[in-house]
Amino acid sequence: MIKTLGGSTLLTLLLCLPATNTNAQVKISNSSGVINSESLLQLESSSNDRGFLLTRIALQAANTAAPLASHIAGMIVFNTATAGTAPNNVTPGLYYNNGTQWIKLTTKAPQVGDIKNGFQSADHNGWYLLNGRTISTLAVNPRARATALGFTTNLPDASDRYLKNTSGTDNIGTAAGANSFTLTQANLPNVTFTGTTNTTGNHTHTYTDNPLNTAANGVAGGTNNPISDTSSVNDNTNSSGDHNHTLSFSLGGSSQPVSLVPNNIITNVFIYLGS
């Protein structure tokens with residue numbers, strides 16, 4: 001309930017003490033009503049236009065309790081200061097204490113240009129599907145933000161593509177890569193194959209062993225050439241008998257491309273351009 005004294009408002013705490021236990025429940029309100037049985041402290045406004053204002057203090061650093069005397073786990077305050085040095089610097093906002101330091105309560109809001117994967121199938125809440133659409137189809141504000149990001153004609157098309165971090169020399173938003181490749185000879189292991197020809201290639205070469213001293217045999221008359229016999233000698237055929245044999249090995253390949261697509265889960269890709 002509310003009591004007014006000389007233009008000021010005095011809030012009287014209504015204490016409800018159940019007979020079944022000793023826990024006090026407190027309700028602060030400017031209207032009548034039953035306190036919620038699950039609450040320890042309940043704030044309520046009949047006009048529904050009031051908020052809860054936390055204690056506002058100037059913290060000095062995340063690892064320093066001051067202006068409190070010591071760290072108290074569960075303490076919540078609104079910090080008004082920008083102070084300290086990284087990684088223990090603090091900025092204005094809600095902080096809670098875990099018993100050893102202050103931790104800021106934050107929620108990360110998406111920034112223009114952020115990318116996310118999702119199971120949604122269409123644009124939503126400022127997130128736009130990366131499907132290669134032309135920039136001109138976007139509303140005025142998202143179109144301006146897309147242009148500022150460098151997409152002057154089309155949004156990138158992320159269909160059937162993975163996201164890759166830039167190397168510093170490639171262009172942001174461009175499509176590259178492939179889902180398969182074909183091996184060339186340069187990609188094969190460096191191995192040596194050996195083998196023999198088949199029996200259909202068998203043949204002989206003949207030569208004359210110790211020919212008689214005749215012009216027909218290419219031996220000038222009167223020279224002391226040994227008599228032809230069957231004794232073992234070393235000799236070579238003439239050059240007209242030189243030739244090569246070639247071998248071929250079937251590798252059994254059919255030059256089919258190699259797939260690069262690993263096991264995956266399919267999602268859509270969105271970019272945040274705001275409303």
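Tell me the strands (runs of 3 or more DSSP E) entirely within region 87-139 that contain at least 1 residues that are surrounded by 12 or more Cβ atoms within 10 Å (Cβ to Cβ), over 20 Å from the mean Cα position of the chain (by Cα) and of a type outside the set (A, V, I, L, M).
Working: elements: 93-97, 102-104, 115-118, 127-129.
So the answer is 93-97, 102-104.
Restricting attention to region 140-164, and to residues there that are of a type in the set (Gly, Ala, Ser) and over 27 Å from ASN179 (Cα atoms), which single residue is surrounded by the fewest Cβ atoms within 10 Å (Cβ to Cβ)? Talk me through it step by step, then tell me what you get.
Start the filter on region 140-164 by keeping residues that are of a type in the set (Gly, Ala, Ser), which leaves 144, 146, 148, 150, 158-159.
Checking the rest, the ones that are also over 27 Å from ASN179 (Cα atoms) come to 144, 146, 148.
Values: ALA144: 15, ALA146: 22, ALA148: 12.
In this case the residue turns out to be ALA148.
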When ALA178 is evaluated against the numbered criteria (1) exposed (fewer than 10 other Cβ atoms within 10 Å of the Cβ); (2) in contact with a Ser or Thr (Cβ under 6 Å, 6 or more places away or on another chain), which criterion, by number, is the only one it fails? (2)
The listed residue being surrounded by fewer than 10 Cβ atoms within 10 Å (Cβ to Cβ), assigned by TED's automatic domain parsing to the domain that holds ILE266, of a type in the set (Gly, Ala, Ser) and under 17 Å from the mean Cα position of the chain (by Cα), out of GLY168, GLY173: GLY168
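In region 22-79, what residues are hydroxyl-bearing (Ser, Thr, Tyr), in contact with a strand residue (DSSP E or B) (Cβ under 9 Å, 6 or more places away or on another chain) and loosely packed, with under 10 Cβ neighbours inside 10 Å?
Step one: of region 22-79, the residues hydroxyl-bearing (Ser, Thr, Tyr) are 22, 29, 31-32, 37, 39, 45-47, 55, 64, 70.
Next, only the ones that are in contact with a strand residue (DSSP E or B) (Cβ under 9 Å, 6 or more places away or on another chain) stay: 29, 31, 37, 39, 45-46, 55, 64.
SER37, THR55 - these are the residues of region 22-79 that are hydroxyl-bearing (Ser, Thr, Tyr), in contact with a strand residue (DSSP E or B) (Cβ under 9 Å, 6 or more places away or on another chain) and loosely packed, with under 10 Cβ neighbours inside 10 Å.
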Which of the residues belonging to region 180-198 are within 31 Å of the chain's Cα centre (by Cα) and either in a helix (DSSP H, G or I) or modelled with pLDDT of 85 or more (or both)? SER180, PHE181, THR182, LEU183, THR184, ALA186, ASN187
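The values are calculated or read from the model by the stated rules, or taken from the named source; none is laboratory data. Computed from a predicted structure; not experimentally measured. Because the Cβ atoms are built from the backbone with ideal geometry, glycine has one as well, and the counts that use them run over all protein chains shown.
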